[in-house]
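Student: Can you keep this structure in mind? I'll have questions shortly.
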Amino acid sequence: MTVEASALETRFLDFHAEGRGRLAARLVEAANGPAAELQLELEQARLTQGENTPPLLVAPSLNLTAEIDTLTREHAARSAILRLTWPEAAVPDVAVLGRHLPDSSPLRLLGGSAASQGQLTFDASGIRGEVTLTGQDIRTGLLDTEVLGTLSLELLLPHASLDGSLLDLSGSRFTLEMDDADEAQRLTTRLLARQARFTHPFGGDGQVPRTQLVLDGSVDRLGFLDRLLPRAHGLTLRGAGQLQADLDLIGHEPSPAAR
């Protein structure tokens, strides 16, 4: 079965996708009986989350496929696998996407527009995938320091639990180029998060967030790391250099094992 329409929309989890496009559905035989495959192709698409919210992204094309290995109602939700892909898209305001990043993330997205491509897979175990962002004049936060510059971000998502209790961004990396009135050349910061695991990242149900980070990179502004130094030492960092950090944050404070 195929349906084409000038206006199609779908809702999954708390997401809402809409646009002009085509819906194709077919039944297939599986080990447990009849199964279904659905494919929704949207043009001039918008993806939002929640009610009356600005769009996460606007895309020339947005593809959503669903695989359901059983049509039994009580098992369909647990067996469904959804895949969302966008070959190219505009993110009108990166701060909307940034709301999904914990405050303890090395990089926070505060404002500006960017180009994006990505793919996400949703199933009963959680969400996984990757999203890229590139843009100029992007406002970002490096811990407590707010900067404006050109951003290239590769956001990897090995796992995010549906209940929000765990977010794993290990493998993510970004490059940020900034103008500086005191420097003839642009300042460039590159960071790779070899490990970036956030447990109860948003502190729901009274849980204390925990952040485990292993970072490598080159940093032109070491001062943004001052917050991670024990206050009793009275130390501050200035200048540029190579960064290696092994951080374990309880709430917003480093544990004694942080390096």
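Student: Looking at the stretch 14-44, which of its residues are farther than 28 Å from residue 98 by Cα and either under 22 Å from the mean Cα position of the chain (by Cα) or not in a strand (DSSP E or B) (or both)?
Tutor: Here is the first cut: in the stretch 14-44, the residues farther than 28 Å from residue 98 by Cα are 21-39.
Answer for the stretch 14-44, where residues must be farther than 28 Å from residue 98 by Cα and either under 22 Å from the mean Cα position of the chain (by Cα) or not in a strand (DSSP E or B) (or both): 31, 32.
Student: Same structure again: Can you tell me how many residues in the stretch 165-182 are touching a strand residue (DSSP E or B) at 6+ places or on another chain (Cβ under 6 Å) and at pLDDT below 80?
Tutor: 1
Student: Still on this structure, please answer the following. What pairs come up if the first residue lies in the stretch 189-212 and is touching a residue at least 24 places away in the same chain (Cβ under 8 Å), the second is basic (Lys, Arg) and in a strand (DSSP E or B), and their beta carbons are under 6 Å apart, counting only those six or more places apart or on different chains?
Tutor: Correct list of pairs: 192/173; 199/210; 212/197.
Student: Further question: In this structure, is residue 67 in contact (Cβ under 8 Å) with a residue 24 or more places away in the chain, of a type outside the set (Lys, Arg) and in contact with a Lys or Arg (Cβ under 6 Å, 6 or more places away or on another chain)?
Tutor: Details: in contact (Cβ under 8 Å) with a residue 24 or more places away in the chain: yes; of a type outside the set (Lys, Arg): yes; in contact with a Lys or Arg (Cβ under 6 Å, 6 or more places away or on another chain): no.
In short, no.
Student: Tell me which residues, restricted to the stretch 45-60, are closer than 21 Å to residue 122 by Cα and in contact (Cβ under 8 Å) with a residue 24 or more places away in the chain.
Tutor: Applying the first criterion (closer than 21 Å to residue 122 by Cα) to the stretch 45-60 yields 45-51, 55-59.
Scanning the stretch 45-60 gives 45, 46, 47, 48, 49, 50, 55, 56, 57, 58, 59.
Student: Would you mind finding the one in 47, 82, 97, 101 that is at pLDDT below 95, touching a Leu at 6+ places or on another chain (Cβ under 7 Å), within 26 Å of residue 139 (Cβ to Cβ) and not in a loop (DSSP other than H, G, I, E, B)?
Tutor: Matching residue, one of 47, 82, 97, 101: 97.
Student: So, one more: Among the residues in the stretch 177-187, are any within 19 Å of residue 246 (Cα to Cα), in contact (Cβ under 8 Å) with a residue 24 or more places away in the chain and crowded, with 16+ Cβ neighbours inside 10 Å?
Tutor: Step one: filter the stretch 177-187 for residues within 19 Å of residue 246 (Cα to Cα), giving none.
Within the stretch 177-187, not a single residue is within 19 Å of residue 246 (Cα to Cα), in contact (Cβ under 8 Å) with a residue 24 or more places away in the chain and crowded, with 16+ Cβ neighbours inside 10 Å.
Student: Can you name the condition, by its number, that residue 225 falls short on among (1) in a helix (DSSP H, G or I); (2) at pLDDT 90 or above?
Tutor: (2)
Student: Looking only at the stretch 183-208, which residues are in a loop (DSSP other than H, G, I, E, B) and either modelled with pLDDT of 90 or more or hydrophobic (A, V, I, L, M, F, W, C) (or both)? Don't jump to the end; show me each part of the working.
Tutor: As a first pass, look at the stretch 183-208 and keep what is in a loop (DSSP other than H, G, I, E, B): 183-186, 200-203, 207-208.
Correct list: 184, 200, 202, 208.
Student: So, in the stretch 1-44, how many residues would count as being β-branched (Val, Ile, Thr) and without any contact (Cβ under 8 Å) to a residue 12 or more places away in the chain?
Tutor: 1
Student: Also, quick follow-up: Restricting the search to the stretch 109-120, which residues are out of contact with any Pro (no Cβ under 7 Å at 6 or more places or on another chain), buried (at least 16 other Cβ atoms within 10 Å of the Cβ) and farther than 17 Å from residue 177 by Cβ?
Tutor: 116, 118, 120
Student: Here are 162, 142, 156: which of them is more than 19 Å from residue 58 (Cα to Cα), modelled with pLDDT of 95 or more and of a type outside the set (D, E, K, R)?
Tutor: Details: 162 fails: modelled with pLDDT of 95 or more; 142 fails: modelled with pLDDT of 95 or more.
Every option except 156 fails the conditions.
The values are calculated or read from the model by the stated rules, or taken from the named source; none is laboratory data. Everything quoted here is computed from the prediction, not taken from an experiment. Positions of Cβ are generated from backbone atoms using ideal geometry, with glycine treated the same way; all protein chains shown enter the neighbour counts.
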